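K.L.:
I'd like to ask you about the structure that follows.
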Ligand code: GUN
């Protein structure tokens, strides 16, 4: 079976990391990711498995701190504090979602900013406002999309890019990065679930990046421009006939012939996101060794 674009680009990111490991004469086992999970969300279990596998593939260390669903914000803070001071841990992420009674922002902002490989700490995410060059980290999904677009030579300067979704993790940082005049220089239109006449806007778009969380929201070739680039961040487990399949926010099969580039689900944004996290882990290692 032909390798999918997300896997091809992820492999390129891994190859680059391996070259860095070798040129820095780095012992990869000295680079370690800690994942804090509160509760037992099934999707989180799968995402964590992919992160563990990526660490193993590169020879990085990995530790999972799994806390019970009913644990308090203070208990989570205690674990984060111990990770922050552990010299053997390079990067720390708190897998989301956390239960509602846990103060999400308090715990995300408790992570040592130099270990914040998700880029969820306010000190890190706010740097993106000033562009890629001013940033410490880029959120992994956004880094993956950025890298994929560069790899595929997607023309961005002056192009109309419709972003659908305004999450703190994907939509907002993507908008900042893509609209940066000194870099991608897209003309961005940022849409959400309240956007009126969404499909009139998607018809104008040279690039559509969709993280709407709505299965097959874009379902017909009639709502896109000829030769559009579509990047699908959605991930849904749906029943097709008598089988379960993973699909995105876009109906890939219905649209692929009209697109210059369209990322599939699976095999698109997912693999580059995990590779982006590994890239961030290398950045964290460098930041800490410069201290
Ligand atoms: N849950 C869904 N996506 C993410 C992510 O990128 N990082 C973390 N920590 N949790 C998530």
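The values are calculated or read from the model by the stated rules, or taken from the named source; none is laboratory data. None of the values given here were measured: they were computed from a predicted structure. Every residue, glycine as well, gets a Cβ built from its backbone with ideal geometry; the counts of neighbours run over all protein chains shown.
K.L.:
On the given criteria, is residue 198 surrounded by 22 or more Cβ atoms within 10 Å (Cβ to Cβ) and assigned by TED's automatic domain parsing to the domain that holds residue 248?
P.N.:
When the stated conditions are applied, residue 198 does not pass them.
K.L.:
A further question on this structure: Here are the criteria: (1) more than 16 Å from the ligand (Cβ to nearest atom); (2) buried (at least 24 other Cβ atoms within 10 Å of the Cβ); (3) assigned to a helix (DSSP H, G or I). Tell me which single one residue 230 does not satisfy.
P.N.:
Just one mismatch for residue 230, condition (3).
K.L.:
Return yes when residue 96 is closer than 26 Å to residue 268 by Cβ, within 13 Å of the ligand (Cβ to nearest atom) and in a loop (DSSP other than H, G, I, E, B) and no when it is not. Before the answer, list the steps.
P.N.:
On the way: closer than 26 Å to residue 268 by Cβ: yes; within 13 Å of the ligand (Cβ to nearest atom): yes; in a loop (DSSP other than H, G, I, E, B): yes.
So residue 96 fits the description; yes.
K.L.:
Taking only region 148-176 into account, find how many residues are within 16 Å of the ligand (Cβ to nearest atom) and part of a loop (DSSP other than H, G, I, E, B).
P.N.:
The number of residues fulfilling the criteria is 6.
K.L.:
Something else: Which one of these is free of Cβ contacts under 8 Å to residues at least 12 places away in the same chain and crowded, with 16+ Cβ neighbours inside 10 Å: 115, 104?
P.N.:
Details: 115 fails: free of Cβ contacts under 8 Å to residues at least 12 places away in the same chain.
On inspection, the qualifying residue turns out to be 104.
K.L.:
Could I ask something else about it? Scan region 233-247 residue by residue and report those that are part of a loop (DSSP other than H, G, I, E, B) and exposed (fewer than 11 other Cβ atoms within 10 Å of the Cβ). Outline the logic, then answer.
P.N.:
Of the residues in region 233-247, the ones part of a loop (DSSP other than H, G, I, E, B) are 233-235, 241-242.
Listed by number, the residues that qualify are 241, 242.
K.L.:
Part of a helix (DSSP H, G or I), closer than 19 Å to residue 117 by Cβ, away from the ligand (no atom under 16 Å from the Cβ) and within 17 Å of the chain's Cα centre (by Cα): does that describe residue 14?
P.N.:
Values: part of a helix (DSSP H, G or I): yes; closer than 19 Å to residue 117 by Cβ: yes; away from the ligand (no atom under 16 Å from the Cβ): yes; within 17 Å of the chain's Cα centre (by Cα): yes.
Spelling it out, residue 14 is indeed part of a helix (DSSP H, G or I), closer than 19 Å to residue 117 by Cβ, away from the ligand (no atom under 16 Å from the Cβ) and within 17 Å of the chain's Cα centre (by Cα).
K.L.:
Please count how many residues of region 130-147 are in a helix (DSSP H, G or I) and more than 16 Å from the ligand (Cβ to nearest atom). Walk me through how you get there before you give the answer.
P.N.:
Keep residues of region 130-147 that are in a helix (DSSP H, G or I), which gives 130, 132-134, 140-147.
Now narrow it down to the ones that are more than 16 Å from the ligand (Cβ to nearest atom): 130, 132-134.
Qualifying residue count, region 130-147: 4.
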